[in-house]
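Student: Supplied in structure tokens, the structure appears directly below.
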Amino acid sequence: MVKQYLVLLGFVFIVFIPTQNAKSETNSEVEGMYVTTEDIISDIIFPTIDKRVIKEYGGDNHLIWQWKRIVGITYNENHSYDVTVRIEIPSKKLNENVKEDLVKVRISPSCDSEKINKQICNHEFKVEILDYKHLSQ
């Protein structure tokens, strides 16, 4: 009797399991992409630093430099932030060393909120370079 039930159960599995399908859809949206604060700051100040690196080293828009890390962030009373970043510029020649620079950038967020003191904060959104130092010669 048990043998007949096992045969019947096996038959049910063989018949019904392979015929079950699941519809799958491709979704090109990225869900839950992980970004850090440094990624956000990099996206904000990258174009400004890129223009300055091209100006410092000459050349065209194909000059490649690498973001190394944020060295420091300072909050200013006028509702702006000074961000100091270390960057590397690879040498065009194989026998030369990589050049390191330190760039200090001011990020001034917009002051268009009634909750912000307009006497202290009176600027629009702006990103500007305050200081550019060549660390390696």
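The values are calculated or read from the model by the stated rules, or taken from the named source; none is laboratory data. Note that the coordinates shown come from a computational prediction; the quantities given were computed from them, not determined experimentally. As a convention, Cβ positions derive from the backbone with ideal geometry for all residues, glycine included, and neighbour counts pool all protein chains shown. Note: areas computed on protein heavy atoms with side chains; ligands, DNA, RNA excluded. Shrake-Rupley method; radii C 1.70, N 1.55, O 1.52, S 1.80 Å.
Student: Would you mind stating whether ARG69 is among the charged types (D, E, K, R) and more than 15 Å from the chain's Cα centre (by Cα)?
Tutor: Working: among the charged types (D, E, K, R): yes; more than 15 Å from the chain's Cα centre (by Cα): no.
Criteria not met by ARG69.
Student: When you go through LYS115, LYS51 one by one, which is the residue that is over 22 Å from SER136 (Cβ atoms) and not in a strand (DSSP E or B)? Show your work before the answer.
Tutor: On the way: LYS51 fails: over 22 Å from SER136 (Cβ atoms).
Residue meeting the stated conditions: LYS115.
Student: Kindly check whether there is at least one residue in the range 63-70 that is out of contact with any Lys or Arg (no Cβ under 9 Å at 6 or more places or on another chain), of a type in the set (Lys, Arg) and either over 16 Å from SER136 (Cα atoms) or exposed (fewer than 15 other Cβ atoms within 10 Å of the Cβ) (or both).
Tutor: Checking the range 63-70: not a single residue is out of contact with any Lys or Arg (no Cβ under 9 Å at 6 or more places or on another chain), of a type in the set (Lys, Arg) and either over 16 Å from SER136 (Cα atoms) or exposed (fewer than 15 other Cβ atoms within 10 Å of the Cβ) (or both).
Student: Sticking with this structure for a sec: Taking the criterion of being touching a Ser or Thr at 6+ places or on another chain (Cβ under 9 Å), open to solvent by 90 Å² or more (accessible area, probe 1.4 Å), in a strand (DSSP E or B) and β-branched (Val, Ile, Thr), would at least one residue in the range 88-110 satisfy it?
Tutor: Checked the range 88-110: no residue is touching a Ser or Thr at 6+ places or on another chain (Cβ under 9 Å), open to solvent by 90 Å² or more (accessible area, probe 1.4 Å), in a strand (DSSP E or B) and β-branched (Val, Ile, Thr).
Student: What tally of residues in the range 118-131 results from selecting those that are among the hydrophobic types (A, V, I, L, M, F, W, C), open to solvent by less than 70 Å² (accessible area, probe 1.4 Å) and part of a strand (DSSP E or B)?
Tutor: Initially, the range 118-131 is screened for residues among the hydrophobic types (A, V, I, L, M, F, W, C), giving 120-121, 125, 127, 129-130.
This time we only want the ones that are open to solvent by less than 70 Å² (accessible area, probe 1.4 Å), so: 121, 127, 129.
When the remaining residues are screened for being part of a strand (DSSP E or B), the result is 127, 129.
Matching residues across the range 118-131 total 2.
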